[in-house]
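These notes concern the structure reproduced below.
Bear in mind that the values in this text are calculations on the coordinates, not laboratory data. Because the structure is a prediction, the values reported are computed rather than measured. Because the Cβ atoms are built from the backbone with ideal geometry, glycine has one as well, and the counts that use them run over all protein chains shown.
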């Protein structure tokens, strides 16, 4: 019986990973799945995490817990973002090691890469330039998580791995009108415009910036694919001090194209207008996923299909009742 602890199981990604593991268990795989809510276990508390790990002694840890937020939250609470994420990583990774856990997977973010970086972004672009200022504290914490895993591997011979996803979306996303990311924000705005008969939806900027989007179910499958790779295969495709793996689709769309997709899915038939007085931001952020593809995994959920699925979830969930 393999005991797996999923940290952050109530988040979008952690929840998707837990569902995949539950499916495996239902199919007959010998798994014991362990979870704790934040109320049950504060991952920023060293003592609490030590007691939990020592008591449960999981075989495998999947670290999907993090303090996350958009640009506004990152700018408003930079100390919270760097402190809480560093503490979560330090506590979970070290106390997992102390409890004898030899296999761990931690999830990071594409924001680890420099602000001005060649596209698509390769794994070896890490630490080659200045980070995006708006989320630098969060990015520094995520980089530290990678280096924690690598350092425990090098010193103690454990098997701790890291995956870095592109922009994620899907069931469980945050659709708050002020704090959500671009895709769920567009879904909510176009849904409300179609519902209320609004003739026009205005989107920020020129619509030309390009972004990559990965469905959370694909991210869950990719995470478990990387976790399950034989150790020699993982080692052959990484380096001791460059061990993280990008996860994405390898393709992107413009914000204008994205808005048009969302309009079709939500049934909005009005006009889409760009407010060019608003900033565009970085013109492209695309992950190089050649390393993962070379090991045998590629994304399966197409963007149009994924948006439609996410919209169905949005309409049937509490997301519609958010303030």
Between 0 and 90 degrees, rounded to the nearest ten: what's the tilt of helix 46-56 against the longest Cα principal axis of the chain?
70 degrees
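Normalized C-alpha radius of gyration of the range 19-62, against 2.2 N^0.38 Å? List each step's numbers first, then the result.
Values: Rg = 12.5 Å, N = 44, 2.2 N^0.38 = 9.3 Å.
Output field value: 1.35.
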Value of D in µm² per second that Stokes-Einstein yields for the range 140-255, Kirkwood Rh from Cα pairs, at 25 °C (0.890 mPa s)
145 µm²/s
Based on the mean of other Cβ atoms within 10 Å per residue, sort peptides 226-237, 155-166 so the most packed one is first.
155-166, 226-237
If the chain between residue 206 and residue 29 were fully stretched, how many nm would it gain, using 0.36 nm times the residue separation less the Cα-Cα distance?
58.7 nm
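Convex hull over the alpha-carbon atoms of the range 47-166: what's its volume per residue in Å³?
Details: hull volume 12.3 nm³, N = 120.
Looking at the range 47-166, the number lands at 102 Å³ per residue.
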For the range 201-259, evaluate the Debye formula with one uniform point scatterer on each Cα (no solvent term) and list log10 I(q)/I(0) at q = 0.29 Å⁻¹, rounded to two decimals.
-1.16
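If packing is taken as the mean number of other Cβ atoms within 10 Å per residue, what is the order of 27-39, 181-193, highest first? Before the final figure, lay out each step's value.
Values: 27-39: 12.2, 181-193: 21.5.
Ranked by mean Cβ neighbours within 10 Å, highest first: 181-193, 27-39.
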What share of all Cα pairs of the chain, in percent, falls into each consecutive 10 Å distance bin?
6, 25, 35, 23, 9, 2, 0
Helix 255-266: inclination vs the chain longest Cα principal axis, degrees, rounded to 10, gives 80 degrees
Compute the Cα gyration tensor for the range 177-323, then decide on rounded, prolate or oblate, letting a ≥ b ≥ c be the square roots of its eigenvalues: rounded whenever a/c is under 1.5, prolate when a/b is larger than b/c in the other cases, and oblate in all that remain.
prolate
Length gain on complete extension for the stretch residue 275 to residue 179, per 0.36 nm per residue less the alpha carbon to alpha carbon distance?
32.6 nm
0 to 90° range, to nearest 10: angle between helix 78-98 axis and the chain longest Cα axis:
30 degrees
Helix-derived [θ] at 222 nm for the chain: sum -39500 (n - 2.57) over DSSP H runs of at least 4, divide by residue count, nearest 500?
-13500 deg cm²/dmol
Just for the Cα atoms in the range 97-172, what are the lengths along the principal axes, largest first, rounded to whole Å?
39, 34, 22
Roughly how many nanometres apart are two label points built 7 Å out from the Cα toward the Cβ at residue 241 and residue 72?
4.2 nm
